[in-house]
1. Of Tyr114, Gly23, Pro89, which is farthest along the charge dipole of the chain in the positive direction, counting Lys and Arg as +1 and Asp and Glu as -1 at C-beta?
2. Nearest 10 degrees, 0 to 90: what angle lies between the long axis of helix 3-52 and the longest principal axis of the chain (Cα atoms)?
3. Charges only on Cβ, +1 for Lys and Arg, -1 for Asp and Glu: so what's the dipole of the chain about the Cα centre, in debye to the nearest 20?
4. With an 8 Å Cα cut-off and a minimum separation of 6 or more residues, compute the relative contact order for the chain in percent.
5. So what's the back-of-envelope 222 nm ellipticity for the chain, counting only DSSP H runs of four-plus at -39500 (n - 2.57) apiece and dividing by all residues, rounded to 500?
6. Which values of log₁₀ I(q)/I(0), to two decimal places, follow from the Debye formula for the range 1-68 at q = 0.25 Å⁻¹ with a uniform point scatterer at every Cα?
7. Checking the a/c ratio against 1.5 first, then a/b against b/c, what shape does the Cα gyration tensor give for the range 47-115?
8. Calculate what fraction, in whole %, of the accessible area of the chain sits on carbon and sulfur atoms when a 1.4 Å probe is rolled over the protein chains.
Amino acid sequence: MNKKGQSLVIFIIILPIILLLFGLLIERVYLTYQKQKLYSVTKTIIAFSIERNDKNDIINLYKDNNIVLENIEIEDDNGLKIIASEKVPSLIKKEDYIIEVNIKGVKKEDKIIYQRG
């Protein structure tokens, strides 16, 4: 009996499953990176806008950081609240993902305190 042939057949059957799992792992890491980038940029924009007391340039600040927003809501009550969503293309699937951050920044005693959601 030829054991080398059996090993080759099993490898060929398992290889697509391994590639699919590896692709899903890469996509999950990519989505986590994109969400963290959106969160970090939003926090920076809130700090910049509160310190300068200028809320007119928020969308341009996102564009300067290469973030194309799907939707944005800005509330200016006791600080600054931004709800921003971005469409992220999928690496494997046909449909895109939409990631969203919801952050409120309040200035207290010369410090900016951030609150999620």
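The values are calculated or read from the model by the stated rules, or taken from the named source; none is laboratory data. Here the structure is a predicted model, which means the values were calculated and not measured. Quick reminder, even Gly has a Cβ in these numbers, built from the backbone with ideal geometry, and neighbours come from all protein chains shown. When the accessible area is computed, the model is the full protein with side chains, heavy atoms only, and any ligands, DNA or RNA have been set aside. Shrake-Rupley method; radii C 1.70, N 1.55, O 1.52, S 1.80 Å.
1. Of the options given, the answer is Gly23.
2. That works out to roughly 0 degrees.
3. Magnitude of the dipole: close to 760 debye.
4. The normalised contact order for the chain reaches 20 percent.
5. Helix-only estimate at 222 nm: -17500 deg cm²/dmol.
6. These q points yield log10 I(q)/I(0) values of -1.02.
7. It is prolate, given that a/c is not under 1.5 and a/b is the larger ratio.
8. 55 percent
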